[in-house]
Amino acid sequence: MLKAFVGFVAGVLATVVGMYFAMPHLMFNEMQSPFGFEETIARIQHNIVGNPELKAKGWALSGLRDPARAVAAEGGNVLPVKMVEVCSTRYSKPILKDDTVRYLSILMPCKVSVYKKNDGKVYIATMNAGLMGKFFGPTVGEIMSQVAEDQKLFVVMDPSKPAPPMILPTAAPAAGGGGAGAAGGC
Amino acid sequence: MRKDLTSYALVFFGLIATAQAADPPGTPSAAVVMAGRTAASSTADHSKFKELDRDFKSGPEVTRACLQCHTEAARQVMRTKHWTWEFLNPGTGQRLGKKNVINNFCTAVPSNYEFCTACHVGYGWKDANFDFSSEQNVDCLVCHDTTGTYRKLPGFAGHPVYQDTEFPPKSGKIVKAVDLKKVAQHVGKSSRKTCGSCHFFGGGGDGVKHGDLDSSLTQPGRHLDVHMAKDGLNFSCGTCHLTSGHDVPGSRYAPTAMPKGRIIRGQKETGNPASCESCHGVEPHAMQRLNTHARKIACQTCHIPEYARGGIPTKTLWDWSTAGRLDKEGKPFKVKDSTGREAYDSKKGDFRWETHVIPEYIWFNGTVNYTLRETRLDPTQVVKINSFEGSPMDGRSKIWPIKVFRGKQPYDVGHNQLVVFHTWGKDDAALWTNFNWERAIEWGMREIGAQYSGKFAFVATEMSWPITHMVAPKEDALGCAQCHAPATGVGRLDQVPGVYIPGRSANRALDTFGWGLSALALLGVLVHGGLRILTARKREGDTA
């Protein structure tokens with residue numbers, strides 16, 4: 001009996017330790033882009049605005065945030081990083097209407113981060129919306145699982161398509177490298 | 001005499017400035033530098049000179065007026081690479097310079113003189129018969145203009161436009177005729193803008209060639225270059241490229257790979273002042289560990305973590321082999337990339353652009369060997385237009401950051417040599433006019449009097465450029481982890497051979513063995529010490 005109990009506790013501990021180390025990698029997805037920095041951003045933007053399926057679900061670009069700009073303004077350097085901000089009221093509205101999960105507005109708008117690393121390569125990061133949604137009940141879980149499916153379409157890198165032009169913000173970025181030019185979204 | 005005093009003042013204040021380069025803006029040292037600059041301003045107002053109070057019709061007329069006072073200036077300029085476009089490398093014996101080298105950007109000057117010589121410090125170099133001995137052909141204004149209105153366009157053989165001109169042709173954009181009187185009356189010291197009017201635009205456009213030189217350095221922020229920052233030390237190019245008798249030090253044909261150290265005012269010195277060490281010395285860090293690194297690693301390797309950081313992309317690839325394609329209507333066309341830059345041009349082929357480029361790193365001892373037109377090449381291999389020599393064992397090399405520019409360009413299949421081709425001209429043989437490679441190459445090779453087999457193909461080429469500008473603030477220099485033990489598994493110096501780098505060169509089995517030995521040694525010490533203590537106590541007990 002004692003052996004079984006010790007084994008159970010050891011198993012639980014091992015699981016907790018394993019989750020502690022694995023969770024940071026599970027919460028976010030990172031993939032390498034086969035294209036350059038600007039072209040990767042442009043392809044993501046056009047995946048969003050040019051896909052009828054996503055358009056029908058209300059997805060629209062809501063900004064292009066440049067946190068590196070703020071660092072440069074203070075005299076510093078970081079490798080280029082930009083976040084394509086995108087939102088759909090179809091998904092945001094039910095969450096924003098529900099007081100019990102309204103704090104999840106902190107995750108809005110949905111972001112796709114594009115950045116360069118010290119190996120000179122360009123990477124794309126997204127939040128693992130499907131997994132995160134599971135922690136917040138069935139309503140949010142259902143919404144986030146749909147968002148996760150749509151996110152896969154955001155980051156399709158199809159080399160058979162020519163490089164599209166980057167969609168630049170329509171207004172000057174706000175202080176702090178904020179996004180601008182929200183033509184739609186949340 | 002006045003000029004000498006000014007030069008000494010510049011040296012003096014330049015040394016103060018560079019010695020304090022690590023200080024943030026606004027410190028007393030920076031303030032001293034700025035005050036020094038003001039004190040060293042000119043004592044002459046050129047707008048009051050009667051020699052310059054006239055309506056000049058051409059550049060050479062202005063030069064004749066300049067030379068009435070500055071009697072030696074033209075002869076000084078004529079001894080420099082800026083004039084001759086030629087350099088005899090004393091180390092390799094190779095005759096280099098723009099006039100002789102074939103690069104993998106616009107490739108070669110011969111047969112394209114009128115176009116390329118927009119960046120010559122002279123007037124009228126339109127063919128091989130240019131008179132290099134004529135003093136009035138020296139262009140004073142291109143370096144000494146302070147109005148920002150003096151502009152030399154490609155296709156005018158080094159002259160500015162004397163009447164309103166549509167440029168580029170058929171673009172609808174008008175370049176105003178230069179007001180030579182105004183420019184001549186407002187001459188001054190060279191500046192980032194005047195030097196940059198050519199050096200920022202090398203290779204045919206802003207930032208194209210060097211990557212660490214582009215127009216973002218005209219008014220750079222501190223993050224882009226701590227020395228040239230407009231709100232900081234505000235160095236001009238001449239602060240480091242300390243010029244004497246119009247001879248500007250600093251060469252990409254024979255770079256200084258391992259500078260000796262500080263250059264002191266008043267001391268007889270033949271070293272290159274355009275080096276980090278000439279101001280900062282060879283042991284600039286407070287931490288000795290970093291100084292030992294500096295014996296084998298160029299300052300630029302850590303302090304220029306990326307180039308093309310000013311928002312202007314640099315070209316990283318130029319494939320001439322695709323040039324000449326026409327659209328369905330038989331007309332040349334262009335394709336733009338995601339940022340609106342040209343990714344293809346019928347005149348020039350395919351391009352690739354990039355910002356924030358991570359340099360490549362090599363051992364470099366200052367010797368550069370060129371593949372010249374007469375050099376035999378192996379078309380099955382990538383041809384190195386210039387080879388940077390160096391080794392961890394020769395005692396003369398440091399690890400340097402470089403930009404490697406890759407491309408494809410034509411070569412003579414019969415002779416296995418690079419070819420000169422005629423890109424621009426008012427004739428019908430130029431590539432950019434008729435898109436006919438055969439005619440363009442025949443014309444170019446005839447221009448230089450070289451043999452041509454009549455058959456050409458394209459060969460892959462590489463050209464290397466040392467990265468020396470865009471020095472980041474010290475807090476943005478590379479950290480230990482970017483070379484040693486990178487968490488990502490990728491280190492900056494992974495491709496640099498012949499050196500042991502803890503972390504990069506780690507072997508898990510060897511590490512385990514080493515740590516095991518260390519642990520055993522520690523255990524041995526503890527056990528041995530413990531036993532000694534125990535036996536000592538026992539002896540004391542027995543004695544008592």
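A few comments on the model shown:
- Rounded to the nearest 10 square angstrom, A:MET132 shows an accessible area of 30 square angstrom against a 1.4 Å probe.
- Rounded, prolate or oblate (a/c below 1.5 giving rounded, otherwise prolate when a/b exceeds b/c) for region B:223-297 by Cα gyration tensor: oblate
- Overall form of region B:314-480 per C-alpha gyration tensor (a/c, 1.5; a/b vs b/c): oblate
- Largest accessible area first, the listed residues B:SER216, B:SER518 line up as B:SER518, B:SER216 when surface is computed with a 1.4 Å probe on the assembled protein chains.
- Shielding value for B:471-484 is 1, the average number of Cβ atoms from other chains within 10 Å of each residue's Cβ.
- Cα-Cα separations in region B:44-281 greater than 26 Å, expressed as whole percent: 43
- Label-point separation in nm, B:ASP494 to B:ASP45, each point 7 Å along Cα→Cβ: 6.3
- Excluding ligands, DNA and RNA, the accessible surface per residue across region A:1-93 is 57 Å² with a 1.4 Å probe.
- Shape category assigned to chain B from the gyration tensor of Cα positions, a/c cut at 1.5: oblate
- Here the contact order of chain B, divided by its residue count and restricted to Cα pairs under 8 Å and six or more residues apart, works out to 13 percent.
- Taking 16 Å as the straight-line reach from the Cα of B:LYS99, the aspartates and glutamates in range (excluding those fewer than 8 positions away in the same chain) are B:GLU86, B:GLU114, B:ASP127, B:ASP131, B:GLU374, B:GLU447.
- Gain upon complete extension [B:LYS170, B:ARG376; 0.36 nm per residue less C-alpha separation]: 70.0 nm
- Legend: residues B:PHE364, B:PHE388, A:PHE5, sorted from most to least accessible area (1.4 Å probe; ligands, DNA and RNA excluded), read A:PHE5, B:PHE388, B:PHE364.
- Modelled this way, with points 7 Å down the Cα-to-C-beta line, the labels at B:THR71 and B:SER244 are 2.2 nm from one another.
- Shape box of the protein assembly as shown [Cα atoms, principal axes, largest first, Å]: 106, 88, 59
- Flagged links, alpha-carbon separation over 22 Å, of A:LYS82/A:LYS121; B:LYS331/B:LYS455; A:LYS121/B:LYS348; B:LYS328/B:LYS455; B:LYS398/B:LYS474: B:LYS331/B:LYS455; A:LYS121/B:LYS348; B:LYS328/B:LYS455
- Cross-link partners for A:LYS57 among the aspartates and glutamates, with Cα-Cα distance under 14 Å and sequence neighbours closer than 8 places in the same chain left out: A:GLU149, A:ASP150.
- Extension gain from B:ALA457 to B:LEU88, taking 0.36 nm per residue of separation minus the Cα-Cα distance: 129.8 nm
- Peptide A:73-86 - average C-beta neighbours from other chains (10 Å radius): 4
- Relative contact order (percent, whole number), region B:44-281, Cα cutoff 8 Å, 6+ residue spacing: 17
- When you count the other C-beta atoms within 10 angstrom of each residue and take the mean per peptide, A:29-37, B:282-290 line up highest first as A:29-37, B:282-290.
- For region B:354-386, the residues whose amide N sits under 20 Å from a probe point set 7 Å from the Cα of B:ARG325 along the beta carbon direction are B:354.
- Solvent-accessible area of B:ASP55, all protein chains in place: 110 Å² (probe radius 1.4 Å, heavy atoms, ligands and nucleic acids excluded).
- When shorter helices are ignored and each DSSP H run of at least 4 residues is given -39500 (n - 2.57), the per-residue value for chain B at 222 nm works out to -7500 deg cm²/dmol.
- Note on A:ASN51 and A:ALA73: the extension gain reaches 4.3 nm, defined as 0.36 nm multiplied by sequence separation minus the Cα-Cα distance.
- Accessible surface of the protein assembly as shown, 1.4 Å probe: 58 percent of it comes from carbon and sulfur atoms.
The values are calculated or read from the model by the stated rules, or taken from the named source; none is laboratory data. Fair warning: this is a prediction, and the values are worked out from it, not measured in the lab. Positions of Cβ are backbone-derived with ideal geometry, glycine not excepted, and every protein chain shown enters the neighbour counts. Keep in mind that these areas ignore ligands, DNA and RNA; they rest on the heavy atoms of the full protein, side chains included. Shrake-Rupley method; radii C 1.70, N 1.55, O 1.52, S 1.80 Å.
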